[in-house]
1. What does the net charge come to around Phe129 if you take all other residues with beta carbon closer than 9 Å to its beta carbon, with K and R at +1 and D and E at -1?
2. Where a ≥ b ≥ c are the square roots of the eigenvalues of the C-alpha gyration tensor, would you call the stretch 6-78 rounded, which needs a/c under 1.5, or, failing that, prolate if a/b is larger than b/c, or oblate?
3. How much net charge surrounds Val111 when only the other residues with a Cβ under 9 Å from the Cβ of Val111 are counted, with Lys and Arg +1 and Asp and Glu -1?
4. Excluding residues fewer than 8 places away in the same chain, name every one of the aspartates and glutamates whose C-alpha is closer than 13 Å to that of Lys185.
5. Can you give the extra length, in nm with one decimal, that the chain gains between Asp19 and Asp148 once fully stretched, where that is 0.36 nm per residue apart less the Cα-Cα distance?
6. Could you give me the ³J(HN,Hα) list for the stretch 248-256, computed from phi with Karplus coefficients 6.51, -1.76, 1.60 and θ = phi - 60°, whole Hz, x at Gly and Pro?
7. Which ³J(HN,Hα) values, rounded to whole Hz and listed in residue order, are derived for the stretch 509-517 from phi using the Karplus coefficients 6.51, -1.76 and 1.60 in 6.51 cos²θ - 1.76 cosθ + 1.60 with θ = phi - 60°, glycine and proline given as x?
8. Calculate how many DSSP beta bridges within the stretch 1-118 are antiparallel, expressed in % of all such bridges and rounded to the nearest 5.
Amino acid sequence: MTLKGLMQDSQLNIGSIFDRLRTIYSDSQIISPERRMSYGEFAERVLRLATVLRDLGVGPGDRVGSFAFNSARHLELYYAVPLIGAVLHTINVRLSSEQIVYIVDHAEDAVVFYDGVVSERIEELAPQFSTVRRLIAMGEGPADLGHDDQDSLIAGASPAVDLPDVDENAACGLCYTSGTTGMPKGVLYSHRAQWLHAMSFNMADHMGLTQMDRVLPVVPLFHAAGWGIPYAAPFTGADLVFHGPDNSPGTVGKVIDEEGVTIAAGVPTVWKELLPLLRSGDVKAASLNRLMVGGAAVPRSLIEAYEGFDVDLIQAWGMTETSPLVCLSRPRRHHRGLSNDELLDVRAKTGTIFSGIEMRICASDGSVVEWDGKQVGEIEVRGPWIAAAYYEDETSDDKFHDGWLRTGDMATVEPDGYFKIVDRAKDLVKSGGEWISSVDLEGALLAHPQVRDAAVVGVPSKKWDERPVAIIVADGAGIPTLESLRDFLAPSFPKWWLPDDVVIVEEIPKTSVGKIDKKTIRVQLADVELP
Ligand code: AMP
């Protein structure tokens with residue numbers, strides 16, 4: 001029986017976020033290397049860009065690529081493309097040429113907008129794209145390829161007036177995974193997923209942005225929907241600040257100080273590298289009150305270091321497949337009364353799953369594991385902003401389990417649902433039938449006074465199957481020996497967890513989105529003989 005007299009059926013689409021930023025928050029600010037403007041001025045440019053896209057023949061469902069760093073121009077695409085019902089494919093600028101050509105072809109991008117800064121790269125890649133009809137430059141760069149430019153096209157267009165009320169279940173964005181194994185896989189975001197994600201992101205116990213905030217996403221807009229900030233910040237009227245292509249601590253610190261940033265987001269490495277500038281006083285970060293840090297496990301020592309500068313470092317967990325955020329580490333009611341040391345332990349865990357998303361952990365046989373804080377299992381998640389499949393890909397069914405997404409992350413969960421990722425399933429070191437968390441060892445090693453950067457991988461051992469080896473970048477204050485590293489770790493770990501060897505390197509290889517590249521490290525260590 002259908003009951004009569006129900007709620008209105010309005011669409012949870014990007015258009016409704018846009019209408020709000022255009023009217024209610026029209027005086028909020030966007031600050032970018034190329035220009036500063038109000039949300040009102042931004043909205044006018046977006047509407048003109050919508051006309052430009054239509055004039056280029058882009059229609060509902062068509063894919064438009066962006067090959068760009070963080071800027072207001074890039075944000076304009078985040079709105080103009082979905083507003084006309086098309087799909088923004090954010091291309092990771094740091095992928096290999098082979099991967100970029102593959103994803104542009106796989107997505108069948110019709111038009112690609114590229115940052116002037118990477119014009120030379122586009123000059124090399126464009127002849128290999130098979131579906132791209134038009135290339136549009138976003139500002140000037142080292143090579144002038146003679147393409148139309150986003151700014152001049154916007155200047156010459158009139159604002160679109162007849163925008164559709166796009167179905168919330170239509171696609172608005174497409175992002176490929178960073179592809180550490182095999183070719184990248186596409187994740188197709190719906191309007192509804194991004195809308196609900198923005199809403200949950202802004203709960204007070206989650207990131208809770210407000211109109212008074214100034215948000216700096218250091219995380220690239222091409223990585224996992226820029227961790228959700230392009231829609232979540234305008235949702236509340238928070239100002240947005242973009243720093244351009246340069247991620248160096250000097251630039252990030254300068255932008256934070258000059259623009260009065262209150263919240264910034266990025267991978268742990270960025271914030272680790274900013275610390276010396278904070279310690280020397282070159283960066284004051286007086287306005288900064290929160291950092292959202294994710295993409296990799298956050299070392300406890302980093303959270304503690306930022307406490308010294310009155311910055312609340314909040315660990316975030318998510319994936320390209322989860323739109324992107326599903327968890328933040330925020331202490332709960334029953335953590336009240338803990339000592340600061342105990343609270344640091346809590347904050348160094350991964351956190352509580354977002355309202356709106358379900359999680360469970362499963363053993364290798366697929367059975368669901370109890371939340372007892374001890375047993376380790378793979379996290380599986382389910383909900384309205386979790387991928388149900390990969391885009392145009394029938395080969396990845398093993399990533400889904402009875403309607404749940406298998407994350408590949410192994411965790412323990414406390415009875416209260418607070419969980420801790422112990423490792424990626426493929427990075428756990430399996431030693432003598434037991435596992436060792438490379439993540440925990442790395443986090444602890446980073447607190448050693450002679451260690452600037454650290455990675456731990458398992459190398460094959462005849463006796464134990466695998467044993468942990470530490471890869472260390474020394475911090476200038478001498479080179480740490482294996483013995484000193486083991487002594488340093490010994491109070492916190494069982495003896496059999498301590499690394500069997502250490503390799504000192506100049507730099508730890510990182511992936512295109514700044515994570516430790518264990519695949520490359522394993523290749524580099526192929527000839528290491530354990531002592
Ligand atoms: P990506 O899709 O490139 O964003 O990568 C997602 C993966 O990054 C996750 O499956 C985790 O392995 C890792 N990751 C992200 N955030 C965290 C975190 N807070 N702690 C541990 N691992 C994380």
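1. -2
2. Working: a/c = 2.03, a/b = 1.13, b/c = 1.80.
The shape class here is oblate.
3. Details: positive: Arg63, Arg133, Arg134; negative: Asp62, Asp109.
Result for the local shell: +1.
4. Asp105, Glu321, Glu392, Asp393, Glu394, Asp397
5. Gain in length upon complete extension: 43.6 nm.
6. These are the phi-based 3J(HN,Hα) values: 5, x, x, 5, 4, x, 5, 5, 4 Hz.
7. Going residue by residue, I get x, 10, 7, 5, 10, x, 8, 4, 8 Hz, with x marking Gly and Pro.
8. Numbers: 3 of 11 bridges.
Percentage antiparallel, nearest 5: 25.
The values are calculated or read from the model by the stated rules, or taken from the named source; none is laboratory data. This structure is a prediction, so every number in the text was calculated from the model and none was measured. Note: ideal-geometry Cβ built from the backbone for every residue, glycine included; neighbour counts use all protein chains shown. Surface accessibility is based on the protein's heavy atoms, side chains included, excluding ligands, DNA and RNA. Shrake-Rupley method; radii C 1.70, N 1.55, O 1.52, S 1.80 Å.
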